[in-house]
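Chemist: Structure in structure tokens, see below.
Read-outs: derived from the displayed coordinates by stated rules, not from any lab. Quick caveat, the model's predicted, so the values are computed rather than measured. Reconstructed Cβ throughout: ideal geometry from the backbone, glycine too, with neighbour counts over all protein chains shown.
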Amino acid sequence: MDKTQNESISLKGNPVSRGIAAGRVFWYEPFVPDIKECHIEAAGTEAALRKYEEAVAAARKELQDVYESLKEEDEHRAGIFLAHMEILEDEMLDEEIRSAIGESLSEPGWAAERVYSNYAKLLGEMEDELIRERAADIMDVKNRLLRCFQGVPQRNLSRLPGAVIVAAHDLLPSDTATIDRENVLAIVTEAGGATSHSAILAKGFGIPALLGIKGLKDALGREEAATAACEVPGEMRAATAVGNVLDEAGAGVAVVDALDGVLIVNPDKDTREHYFKRLGKWEEEQRLTREFLRREPLTKDGVRIEIGQNIGSAAREALAASGYTDFVGLFRTEFLFMEKESMPTEEEQFVAYCKVLKAYGGRPVTVRTLDIGGDKTLPYLEQEKEENPFLGNRALRLCFENPCLFKTQLRALYRASVHGKLQIMLPMVGGMDDILRAKQIIGDVKNELAAEGIAISQDVKVGIMIEIPSIALLADVVAKEVDFASIGTNDLCQYLLAADRMNPAVASYYQSYHPALYRLIGYVADEFQKAGKPLCVCGELGGDRLTVPVLVGLGLRKLSMGGSSVCEVKRVLSKMTVARMEELAAKVKACKTDQEVRDLCEKYMENTLGND
């Protein structure tokens, strides 16, 4: 890119975590090994194997040290390094490397480079996005091992030189796990998708983030200039000080607009003035929103809406919202299975479930049984390749085919039930046959535990996810058979509109504001209300500021969401009466297009929050 050093450049990116930030840019360049093909003499194999073993031992010690430093603070982040230790000690990888050294006479570094890269390439070519992302873990371990070969010290983001925008080609799992969160204004990368470690980190901690920015490094200029520009005083994190950055010209200053998906490098005067005002408005908006964190979730006319949290692990940080939410609306147990190289035991699952139940101290915790398939797979569970896995053998269907797996999870859940208020939710239910079959297995598990003299709660509620249109249209019958239900709007939307939500080619057809979706949700809400059974929304729409008033207007009184959405949802609820939300819901159901619904909701939101 031909440009002058101070030229203003605007680049588009994927806003995976909302927000606005301005500041100096710190370009992070991790250790990149430069290994070329090299061979050894047959007489040198013993020494070469010893060198390999020493490097493995050094890498293992580093991983163990980081794990020990993180495990008390955040089990989830610490778990990344446990997974890396398992990769480092993988018998197949180790055997191939030793064979390359002893039989092919490859130099140890070249042997490790070739074996690890081949495995990473294999994973990177998989259709499943989550599996592709795991290639990053393989490369991360490879780089650590090769760095240990060369005796190069660790390089990471655990200590940043002040408050900065962290920029990189991509952030490896170990980078995100050890990052100095206090000094990260925003994250921008050339690579990375919605399921990458960078995206997960940013969403979890409310850090504005733009990923997938083409030409990022070139736009930032010379690496040394970008790195030198990071020497920023710590007080710059304050809104006024960040605003002062926008008064400055010169290389190294950037604006991250993770609302509209734009990165502006070296903004000109007009752009700086525009974002100075916009940043101030965003900070004020966030300040007003944060005031609602511990407030009771009431509508303007005093109707209480129960607010729950969606979680993916039992880590301390995942449970941080337990102090200001009413329940866990969705515990995604598949992450307990995906983070391990082998099936978690009944005892391991029991410990995780107990931890969440105890954290919520008598408030409901809804645990979704294993939802594997579609965009999620397990390395140790053999699954046939399917043309369309989202419509294939997944979730409850897969559990029916693997009764041992299903029963082990149910045993752990019922054993844990005495430590709190457990609710079990079945995913991917297509009809009454699924419900009756699952309840039969649940009955068998309860009888087994009773026969073994193991105490369980007699008040465990059993419900379903409503995410297939067929079961939604049977809501009048289903409501009489289950204790509760929760609407998974992500899958319900894709199945209703026949648009794979993971396929970029049909992204425009996945319309979460489509009026047909709200008509269907309205029907389900009416039937569950008639039956006097609880109904919740736990999909993305449950935490969407635009759709929350519509859902309440349709009759929903329970919403579950990511912890970072709680404040904003409480604030929105407090500004509208139920009657006004019912008026909006009726208009939404009368709309004809996705865009018409979106425009209507934005108009209502502008009129509502504009009066603050």
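Chemist: State the extension gain, in nm to one decimal, for the chain segment bounded by LEU381 and ASN402, taking 0.36 nm per residue of separation less the distance between their alpha-carbons. Display every interim value, and only then the final one.
Modeler: Details: separation 21, 0.36 × 21 = 7.56 nm, distance 0.96 nm.
Net length gain for the segment: 6.6 nm.
Chemist: Using 1/(1 + (r/R0)^6) with R0 = 35 angstrom and r between the beta carbons of GLU103 and HIS169, what's the FRET efficiency to the nearest 0.05?
Modeler: Values: r = 35 Å, r/R0 = 1.01.
Step by step, r from the Cβ atoms, then E = 0.50.
Chemist: Using only DSSP helix segments of four residues or longer, with each worth -39500 (n - 2.57), what per-residue ellipticity at 222 nm results for the chain after dividing by its residue count and rounding to 500? Each step should come with its number before you reach the end.
Modeler: Values: 24 runs with 285 residues, N = 612.
About -14500 deg cm²/dmol.
Chemist: Past 27 Å, Cα to Cα, is the threshold; run LYS530/LYS587; LYS71/LYS358; LYS385/LYS421; LYS269/LYS575 against it and keep the listed order. Could you put the intermediate results ahead of the total?
Modeler: On the way: LYS530/LYS587 23 Å; LYS71/LYS358 19 Å; LYS385/LYS421 38 Å; LYS269/LYS575 37 Å.
Listed pairs above 27 Å: LYS385/LYS421; LYS269/LYS575.
Chemist: When the Kirkwood radius is taken over all Cα pairs of region 42-150, what Stokes-Einstein diffusion coefficient follows at 4 °C and 1.567 mPa s, in µm²/s?
Modeler: On the way: Rh = 14.5 Å.
The calculation lands on 89 µm²/s.
Chemist: At R0 = 60 Å, how high is the FRET efficiency between MET85 and ARG557 if r is their beta carbon distance? Nearest 0.05 is fine.
Modeler: Numbers: r = 46 Å, r/R0 = 0.76.
The value I calculate is 0.85.
Chemist: Now a separate question. Work out how much length VAL418 to HIS274 would gain on full extension: take 0.36 nm times their residue separation and subtract the Cα-Cα distance, in nm to one decimal. Don't skip to the end; give the middle numbers.
Modeler: Working: separation 144, 0.36 × 144 = 51.84 nm, distance 5.63 nm.
The VAL418-HIS274 span can extend by a further 46.2 nm.
Chemist: Let's test the formula: R0 of 60 Å, r as the Cβ-Cβ distance of LYS217 and LEU436. What FRET efficiency results, to the nearest 0.05?
Modeler: The value I calculate is 0.55.
Chemist: Oh, and also: Quick check: pseudo-label points 7 Å beyond the Cα along Cα→Cβ at ASP599 and GLN529, how many nm apart are they?
Modeler: According to this spin-label approximation, the distance is 2.8 nm.
Chemist: Still on this model: Give the lysines whose C-alpha is closer than 16 Å to that of LYS142, dropping any in the same chain fewer than 8 places away, or say none.
Modeler: LYS36, LYS51, LYS61, LYS121
Chemist: A further question follows. Compute log10 of I(q)/I(0) for region 400-507 with the Debye formula, placing one identical point scatterer on every Cα and leaving out solvent, at q = 0.14, 0.21 Å⁻¹, to two decimals.
Modeler: Computed log10 I(q)/I(0) values: -0.64, -1.11.
Chemist: Evaluate region 448-518: find the radius of gyration of its Cα atoms, find its Kirkwood radius, and give the ratio Rg to Rh. Show your work: numbers first, answer last.
Modeler: Details: Rg = 17.6 Å, Rh = 14.6 Å.
We get a ratio of 1.20 for region 448-518.
Chemist: Which of LYS12/LYS203; LYS355/LYS558; LYS281/LYS533 have a Cα-Cα distance over 30 Å? Can you show the working numbers first?
Modeler: On the way: LYS12/LYS203 19 Å; LYS355/LYS558 23 Å; LYS281/LYS533 42 Å.
Going by Cα-Cα distance, LYS281/LYS533 fall outside the 30 Å limit.
Chemist: With labels modelled as points extended 7 Å from the Cα through the Cβ direction, what inter-label distance (nm, one decimal) is found for PHE31 paired with GLU284?
Modeler: 4.9
Chemist: On a full-extension model of 0.36 nm per residue, what is the gain between ASN490 and CYS38, subtracting their alpha-carbon distance, rounded to one decimal in nm? Walk me through the numbers before you get to the answer.
Modeler: Details: separation 452, 0.36 × 452 = 162.72 nm, distance 5.03 nm.
That pair, ASN490 and CYS38, stretches by 157.7 nm at full extension.
Chemist: At 7 Å along Cα-to-Cβ for each site, give me the label-to-label distance between ALA498 and ARG519 in nm.
Modeler: With each label placed 7 Å out from Cα toward Cβ, I get 1.6 nm.
Chemist: For region 306-609, what is Rg from Cα atoms divided by 2.2 N^0.38 Å, rounded to two decimals?
Modeler: On the way: Rg = 19.1 Å, N = 304, 2.2 N^0.38 = 19.3 Å.
Compared with the compact-globule rule of thumb, region 306-609 sits at 0.99.
Chemist: If packing is taken as the mean number of other Cβ atoms within 10 Å per residue, what is the order of 593-601, 480-488, highest first? Show your work: numbers first, answer last.
Modeler: Numbers: 593-601: 17.3, 480-488: 20.8.
Ranking the peptides 593-601, 480-488 by packing returns 480-488, 593-601.
Chemist: Right, here's the next one. Of all DSSP beta bridges in the chain, what percent run antiparallel (nearest 5)?
Modeler: Details: 19 of 57 bridges.
Approximately 35 percent, going by the DSSP bridge assignments.
Chemist: Also, quick follow-up: Sorting check: for 152-164, 19-31, 576-588, which peptide has the highest mean count of neighbouring beta carbons within 10 Å, and how do the rest follow? List each step's numbers first, then the result.
Modeler: Numbers: 152-164: 16.5, 19-31: 23.2, 576-588: 18.7.
By packing density, highest mean first, the sequence is 19-31, 576-588, 152-164.
Chemist: Quick one: what Rg and Dmax do you get for the chain from the alpha carbons, in Å?
Modeler: Cα-based Rg and Dmax for the chain come out at 25.9, 85 Å.
Chemist: Return the percentage of antiparallel bridges among DSSP beta bridges fully within region 306-609, rounded to the nearest 5 %. Before the final figure, lay out the partial values.
Modeler: Details: 1 of 29 bridges.
In region 306-609, DSSP labels about 5 percent of beta bridges as antiparallel.
Chemist: Also: Take peptides 42-52, 107-117, 513-523 and line them up by average Cβ neighbours within 10 Å, highest first, as a rough protection proxy.
Modeler: Values: 42-52: 14.0, 107-117: 22.4, 513-523: 20.2.
The peptides rank, most packed first, as 107-117, 513-523, 42-52.
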